[in-house]
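Nothing in this text is a laboratory measurement; each read-out follows from the coordinates by a stated rule. Fair warning: this is a prediction, and the values are worked out from it, not measured in the lab. In this analysis, Cβ positions are derived from the backbone assuming ideal geometry, glycine residues included, and neighbour counts consider all displayed protein chains.
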Amino acid sequence: MRWWDIDPVLELEHELFPDDAWSAGMFWSELAHSRGPRATRRYVVAEDPATGRIVGYAGLAAAGDLGDVQTIGVTRDHWGGGLGSELLTDLLKHATAFECAEVLLEVRVDNTRAQKLYERFGFEPIGFRRGYYQPGNIDALVMRLHVQEHVQEHVPEHVQGTETD
C-alpha cells in the first residue's frame with residue numbers, strides 16, 4: 001500500500017465497515033511505520049488485474065515477537081474467491097520476517113465469514129473484548145496463531161506490498 005492508495009482504500013473501508021471505519025489519518029499513521037530498516041508494519045493492496053481497481057487490502061503491526069492483524073477488507077464481489085486468504089498469507093509471511101512468535105487479531109463476533117477464514121489458518125479463539133467495536137458496542141472475538149516456520153512462499157502478483165519500486 002502506498003499513500004496514493006489511501007483514498008480508494010478508504011472508500012472500500014467505509015463500504016465494508018460503515019460504523020467503525022478507519023480514518024485517513026489512521027492509514028497515514030500506519031503507512032509511516034511500513035518503510036525503511038525499522039519498519040514495524042506491513043500493508044498491502046490487491047488490485048483487479050483487468051481494471052486496476054483496489055479490491056482488497058490488509059495490514060499487520062509487529063512489536064517485539066508479537067504480530068497483530070490490524071485490518072483485512074475485500075470487496076463483496078470478490079468474497080469467496082480466495083483473496084482474503086491471499087492477503088492473510090502475505091501478512092503471515094511478513095510476521096515470520098518480523099520474527100513474530102504469535103499473531104493476534106480481533107474480529108467482530110457477528111463476522112462469521114472472517115472467523116472461518118482465520119480458523120482455516122489455525123487461529124484459535126482466546127477471549128473477548130466487550131464493546132470493542134464502537135459506536136455499535138459490538139464485542140470482538142480475540143484470536144491467536146502460533147506462527148509456523150513454513151509460511152506459503154508464493155504471493156500473487158496482484159497483491160502489492162511496501163517494497164521499494
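Straightening the chain between Trp28 and Lys116 buys 28.7 nm, computed as 0.36 nm per residue apart minus the Cα-Cα spacing.
Place a label point 7 angstrom from the Cα of Ile126 along the Cα-to-Cβ direction, then list the residues of segment 56-96 whose backbone nitrogen is under 12 Å away. Correct set: 65-69. Beta bridges assigned by DSSP with both partners in the chain are antiparallel in approximately 90 percent of cases.
Considering only Ala101, Ser29, Gly131, the residue lying farthest towards the positive end of the dipole of the chain is Gly131, judged by Cα position with unit charges set on Cβ. When +1 charges are put on Lys and Arg Cβ atoms and -1 charges on Asp and Glu Cβ atoms, the dipole computed for the chain relative to its Cα centre reaches about 300 debye. Subtracting the Cα-Cα distance of Asp139 and Arg76 from their residue separation scaled by 0.36 nm leaves 20.4 nm.
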